[in-house]
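The values are calculated or read from the model by the stated rules, or taken from the named source; none is laboratory data. All values reported here derive from a predicted model rather than from experimental measurement. A quick note on method: Cβ atoms are made from the backbone with ideal geometry, for glycine too, and the neighbour counts reach across all protein chains shown. Ligands, DNA and RNA are stripped out before the accessible areas are found, and what is left, the full protein with its side chains, is counted by its heavy atoms. Shrake-Rupley method; radii C 1.70, N 1.55, O 1.52, S 1.80 Å.
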Amino acid sequence: MPVLNRIAEFADEIAAWRQDFHAHPEILYAVERTAGVVADKLREFGCDEIVTGIGGTGVVGIINGRSNGSGRTIGLRADMDALPITEKTGAAYASTVDGKMHACGHDGHTAMLLGAAKYLAETRNFDGRIAVIFQPAEEGGAGAKAMLDDRLVENFGIDEFYGMHNWPGMPAGQFGIRAGGIMAATDRFYIDITGQGGHAARPQTTVDPIIVAANMIVGMQAIVSRNVDPLASAVLSVTMLEAGEADNVISRTAKITGTVRTLDLGVQDLIEQRLADFVPQFAKSFGATASVRYARGYPVTVNAPEQTAFAAAVASEIAGPGRVDADAPPSMGGEDFSFMLERRPGAYIFVGNGDSSELHTDSYDFNDAIIPAGTSYWVRLAERALPLDGR
């Protein structure tokens, strides 16, 4: 079945909501305006229950089906927050807030789920309950975990979670999904190196922490290339190096900061342990000392096999079987929907955004042309997960 006719009828309305969100970006947990608009629209649609302030500023709307013989509740999640980036799209609806923009498409995710909520509240062609979940602080704030800590699962009796993200470079309206790890764990490491400072003209009297850091950065690459199975996936990237205050002084200290991305818990454990072993010993060989702090971030986003197959089948109904990649390559980007999938089975799917700029860039924009496909996917997923005939 293609895009739903009723969704196509009010797709322009959904796009207008999306562009309004785009013009008024908010970051992390400070999404009061966005959450307020979401809650008002859910009331307008006639949702049976609207709860605000979950996990700080999250919103949940409950839509009851025509019956509740199944006794099941399916959670559909969208993220609301923007990024601290100055927009350069030149769009008529460009950000009106300096230094903030929707550079990841969360404006589109929120609008599409609102569109699905409107349709589902009108038709109620399902047996059970749908929880539409609007989450703050996906971009580094772990808003999903905050909502879970606020008893999201327990208070609403959620049995399964489903999420969706637009994907630049994938043809517009196509879908991609895979069982198992689809998004990476996002860890960080912080290394402090201490040497012996001194005059830059007399380096022989010093233990130069910049030399230690430079060699350490090169050496750390062997942690992946010579420790991790080549058939596994891992990224270790140094992203910051800080040292020194003057051009004629060799600093006493240096700091290295970076990120580790993995799709497997065993690989994640291995890299953490190798860093802990390598850093102090390597610094010692130069006569310096060093310590490393490893901070685990979002877990791997793991799609459950049964729910993944189900989501792929639903996507095929909307896009056509030749337009769904059920073995899409995983991304080494991170996603806090992973916390929800740790609590309940479910699946996370990509919907193609077409030939757009990359995510997290100042020229990115969500493609409104994919709204009918994404919104129809949500509707069909709800109706297929909770069929009225019980099959």
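Taking the condition of being free of Cβ contacts under 8 Å to residues at least 24 places away in the same chain and either closer than 17 Å to residue 14 by Cα or buried (at least 16 other Cβ atoms within 10 Å of the Cβ) (or both), how many residues in region 93-108 meet it?
Number of matching residues: 0.
Has region 63-82 got any residue that is closer than 16 Å to residue 107 by Cβ and surrounded by fewer than 23 Cβ atoms within 10 Å (Cβ to Cβ)? Please lay out each step first, then the result.
Of all residues in region 63-82, those closer than 16 Å to residue 107 by Cβ come to 77-82.
Checking which are surrounded by fewer than 23 Cβ atoms within 10 Å (Cβ to Cβ) leaves us with none.
No, because not a single residue in region 63-82 is closer than 16 Å to residue 107 by Cβ and surrounded by fewer than 23 Cβ atoms within 10 Å (Cβ to Cβ).
What number goes with the only condition from (1) charged (D, E, K, R); (2) part of a helix (DSSP H, G or I); (3) modelled with pLDDT under 95 that residue 389 does not pass?
Status for residue 389: all satisfied but (2).
Report whether or not residue 111 is of a type in the set (Gly, Ala, Ser) and buried (at least 19 other Cβ atoms within 10 Å of the Cβ).
Here the answer is yes, as residue 111 does meet what is asked.
So which of 56, 46 is surrounded by fewer than 20 Cβ atoms within 10 Å (Cβ to Cβ), under 25 Å from the mean Cα position of the chain (by Cα) and at pLDDT 95 or above?
Being surrounded by fewer than 20 Cβ atoms within 10 Å (Cβ to Cβ), under 25 Å from the mean Cα position of the chain (by Cα) and at pLDDT 95 or above holds for just one of 56, 46, which is 56.
Could you pull out the residue among 289, 257, 262, 253 that is out of contact with any Leu (no Cβ under 6 Å at 6 or more places or on another chain) and closer than 22 Å to residue 338 by Cβ?
Selected residue: 262, the only one of 289, 257, 262, 253 that is out of contact with any Leu (no Cβ under 6 Å at 6 or more places or on another chain) and closer than 22 Å to residue 338 by Cβ.
What are the residues in region 340-364 that are under 17 Å from residue 261 (Cβ atoms) and open to solvent by 20 Å² or more (accessible area, probe 1.4 Å), if any?
Once the filter is applied, which keeps residues that are under 17 Å from residue 261 (Cβ atoms) and open to solvent by 20 Å² or more (accessible area, probe 1.4 Å), region 340-364 yields 358, 359, 360.
Do any residues in region 262-275 that are more than 13 Å from residue 231 (Cβ to Cβ) have Cβ atoms under 8 Å from those of residues that are of a type in the set (Ser, Thr, Tyr) and open to solvent by 20 Å² or more (accessible area, probe 1.4 Å), where the two are at least six apart or on different chains, and which pairs are they?
Sorted first by the residue in region 262-275, then by its partner, the pairs are 262/233; 272/294; 275/294.
For region 96-203, give me every one of the helices (runs of 4 or more DSSP H) that falls completely inside it and has 1 or more residues that are of a type outside the set (A, V, I, L, M, F, W, C) and under 19 Å from residue 376 (Cβ atoms).
Ranges flagged: 106-123.
Please determine whether any residue of region 160-167 is touching a residue at least 40 places away in the same chain (Cβ under 8 Å), over 17 Å from residue 341 (Cα atoms) and buried (at least 21 other Cβ atoms within 10 Å of the Cβ).
yes
Counting just the residues of region 100-151 that are of a type in the set (Val, Ile, Thr) and more than 12 Å from residue 79 (Cα to Cα), which one comes out farthest from the chain's Cα centre (by Cα)?
Among residues in region 100-151 that are of a type in the set (Val, Ile, Thr) and more than 12 Å from residue 79 (Cα to Cα), the one farthest from the chain's Cα centre (by Cα) is 123.
Enumerate the pairs (first residue in region 187-208 and within 30 Å of residue 262 (Cα to Cα); second residue anywhere and assigned to a loop (DSSP other than H, G, I, E, B) and of a type in the set (Gly, Ala, Ser)) with beta-carbon separation below 8 Å, excluding pairs fewer than 6 apart on the same chain, so at least 6 apart or on different chains.
That search, which allows pairs on different chains as well, returns 193/288; 194/288.
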